[in-house]
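Here is the structure we will look at.
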Amino acid sequence: MKKLVFYSILIAFIISCDSTKNIVSTTTNSTVQVAIDLVNITDDKVNVRIQPGTITTDMITFYLPETVPGTYTDSDYGAYIENVQVFSKSGSLLKVQQTSTNTWDIQNATQIGYIQYEVNDTYDIESEHDIFSPAGTNFKVEEQFMLNLHGLIGYIQNQEEYSYNIDIHRPTAIEATTSLPKQTNLTYTKATFENPQSIDSYEAKRYFEVIDNPIMYNAPNKEVFDIGGITIEVSVYSPSGTVKASQLRANIEQMMKAQKTYLGAMDATDRYSILLYLSTVGPEDAQGFGALEHHKSTVVVLPEAMPRDAMDGAIVDVVAHEFFHIVTPLNLHSTEIHKFKYNDPKMSQHLWMYEGITEYFAQHFQVQQGLVNNAEFYNTIVSKITNSKSYNDSLSFTKMSENILEEPYASNFGNVYEKGALIAMCIDILIRENSNGERGILSLMKELTDRYGANRPFEDTAIIPQITAMTYPAVGDFFEKHVIGTMPINYSAFFDKVGLEYNSYKVPTGYFIDVDSRTPYIDGSQAENTVFIRQGIELHTFFKDMNIQGGDVIKKINDKTYDLSNVYDLIGNSNNWKEGDAITMVIERDGEEMTLSGNVSTPLINKPSLIELQYLVEGPELRLRKSWLKGS
């Protein structure tokens, strides 16, 4: 009955047969109408209704995406859809058959009036799937809704380029934050409704714009400010109410002012929305922390319990990265990205660009703009070299990129943020060296975005030869050996060019996370609710003394049980360990529990470092270093 109340207020979706007949047009209609009900929630499910544009074939397929841009993984959003029903223009049921996790075939399609279904959210069942939290959905009645619209709104075969009108019925106590434009021509007359203020109406030019603009609903906790003509909107959902957007504003504003200065005249948006969801980290809340980029917004998920300085640091790391995606892939991308096939994805060869250059910008702008000093920037570079060694260093990056949904490439995806950024660093140094410091990778990207832009994709196989032609033979040689080819990079050769010495020495570190580099020694499995020692990295001396190995699952330490729900307790409690105290760890290795005993000792790690060589007279190395660190 409550569903009927909702639908009765949306003229385009009235269940009454006579009323439905009155709104159906006999002319061609290239607009898809969508209604989402956030008020009448049953069993934690949201009702969605879609009225397609004009259909001219007897059989069509309705899709929910298998994957979406920026995630580089199969997510199968159709798995969270239930009770798909298709009604004719006269109100009778039409035959619909689910043919795969994400597809439904509909017969007598020319008679379709609307498609109706229920949607389950993903945050409260994260142990059952691998959807990255910033790409997922959350339905918390009357309080909070995270609407990544690819998880709610499907598309009709051959109607991906149709425009969309989206009407959302929401509780009056919460408000939306999104970069999705409001409708200019409403699909209903608000004056006829009992509570028209509870209806939000949006429009998108095509399906890509639907999924490119997430919406977060929560009680007002927002800051809005302007940076160089870009309207920045920061909305925060804090379940306990302790974290205010006003507390985070100064850090974000400083960061984004520096980013805007770094980019210069290369503006790609007039507004940008930051949707920050803070998780309780409970068993029915988000567990995947990080962010997902969009043209004009980003969804960020972090633990609410993070100390403020750590939260500020994490926001700089992830939001800076996501904002720089306005350069690539959002405004410089291949045909594979521009005409993305949500249910038969063809991946591009150029993750070294989309993620690697973006991550490099997210670190380089900080030293160029004075947010960090040279030594701090060097530490970041060194940590990326260290982290990259936990992946296969002999994979072709272009081959890995175009096969990233498959093994052995999928398990190496994390290297796009490590070696991918280092690839960008090397290209930057090479361009600056060959141009006497006049050009760099940022100026190259400006030239490329001017040539292409958001609506003109490049051909996947053509961009590297084009970059070589626009730059120098040394850059082309680097691509052939280290990006297309499989030769590991000799980073010392590049550091020599800028007068840096690359060495290593033993230094203290944290037990479970290196404080300086923020590199964790542990990881977690959402599916199994476990915390384990990372594999493929060098372990510090304490772990070696305790006979801890990569892959070991931590079950107990001194009789206290640990899993994902209290991983921050694990890290925090280790700060109180005393040198020489007895310690007992219960771990699981290869399916068997083992008890390891020993004494607490200071963990030491071989830490690579970059040291600036000092020169009595400014020479080419020092000039190149200055251009690299401070040049535009």
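Looking only at residues of the stretch 91-105 that are in a loop (DSSP other than H, G, I, E, B) and within 37 Å of the chain's Cα centre (by Cα), we find that the one that is surrounded by the most Cβ atoms within 10 Å (Cβ to Cβ) is ASN102. Please verify whether ASN120 is open to solvent by 10 Å² or more (accessible area, probe 1.4 Å), in contact with a Lys or Arg (Cβ under 9 Å, 6 or more places away or on another chain) and either over 23 Å from ASN165 (Cβ atoms) or of a type outside the set (Val, Ile, Thr) (or both), treating the condition exactly as stated. Yes. Restricting VAL586, VAL617 to those that are modelled with pLDDT under 95, open to solvent by 20 Å² or more (accessible area, probe 1.4 Å) and of a type in the set (A, V, I, L, M, F, W, C) reduces the list to VAL617.
Within the stretch 497-541, if we keep just the residues that are β-branched (Val, Ile, Thr) and closer than 19 Å to GLY414 by Cα, the residue that is nearest to the chain's Cα centre (by Cα) turns out to be THR519.
Counting the residues of the stretch 428-451 that are closer than 15 Å to MET353 by Cα and touching a residue at least 60 places away in the same chain (Cβ under 8 Å) gives 9.
Applying a threshold of 6 Å to beta carbon distances and a minimum spacing of six or more residues, or different chains, the list of pairs starting in the stretch 120-146 at a residue that is of a type in the set (Asp, Glu) and ending at one that is surrounded by 16 or more Cβ atoms within 10 Å (Cβ to Cβ) reads ASP121/THR137; ASP121/ASN138; ASP121/PHE139; GLU126/GLN287; GLU126/GLN526; GLU142/PRO171.
Test GLU253 against the stated conditions and say whether it is acidic (Asp, Glu) and touching a residue at least 60 places away in the same chain (Cβ under 8 Å). Judged against the criteria, GLU253 is not a match.
Just to verify a result, which residue in the stretch 307-328, among those that are part of a loop (DSSP other than H, G, I, E, B) and farther than 21 Å from GLY136 by Cα, is most open to solvent (accessible area, probe 1.4 Å)?
From the stretch 307-328, those part of a loop (DSSP other than H, G, I, E, B) are 307, 325-328; that's our starting set.
Filter once more, keeping what is farther than 21 Å from GLY136 by Cα: 307, 326-328.
Details: PRO307: 80, ILE326: 5, VAL327: 5, THR328: 1 Å².
It comes out as PRO307.
Just so you know, in the stretch 126-179 the residues that are among the acidic types (Asp, Glu) and open to solvent by 10 Å² or more (accessible area, probe 1.4 Å) include one that is nearest to ALA109 (Cα to Cα), and it is GLU160. Return a yes/no flag: does the stretch 453-471 have any residue that is modelled with pLDDT of 95 or more, open to solvent by 10 Å² or more (accessible area, probe 1.4 Å) and within 30 Å of ASN379 (Cβ to Cβ). Looking for residues that are modelled with pLDDT of 95 or more, open to solvent by 10 Å² or more (accessible area, probe 1.4 Å) and within 30 Å of ASN379 (Cβ to Cβ), one finds at least one in the stretch 453-471, hence yes. Looking only at the stretch 41-72, filter to residues that are among the aliphatic types (A, V, I, L, M) and part of a loop (DSSP other than H, G, I, E, B); which one of those is most open to solvent (accessible area, probe 1.4 Å)? Across the stretch 41-72, the extreme among qualifying residues is ILE55. With the structure loaded, tell me whether LYS222 is modelled with pLDDT under 95 and basic (Lys, Arg) or whether it fails that test. When the stated conditions are applied, LYS222 does not pass them. Looking only at residues of the stretch 345-384 that are in a helix (DSSP H, G or I), more than 22 Å from LEU263 (Cβ to Cβ) and small (Gly, Ala, Ser), we find that the one that is least open to solvent (accessible area, probe 1.4 Å) is SER383.
The values are calculated or read from the model by the stated rules, or taken from the named source; none is laboratory data. Computed from a predicted structure; not experimentally measured. Methodologically, a virtual Cβ is constructed for each residue, glycine included, from the backbone with ideal geometry; neighbour enumeration extends over all protein chains shown. To get the accessible areas, we keep the full protein, side chains included, count just its heavy atoms, and leave off ligands, DNA and RNA. Shrake-Rupley method; radii C 1.70, N 1.55, O 1.52, S 1.80 Å.
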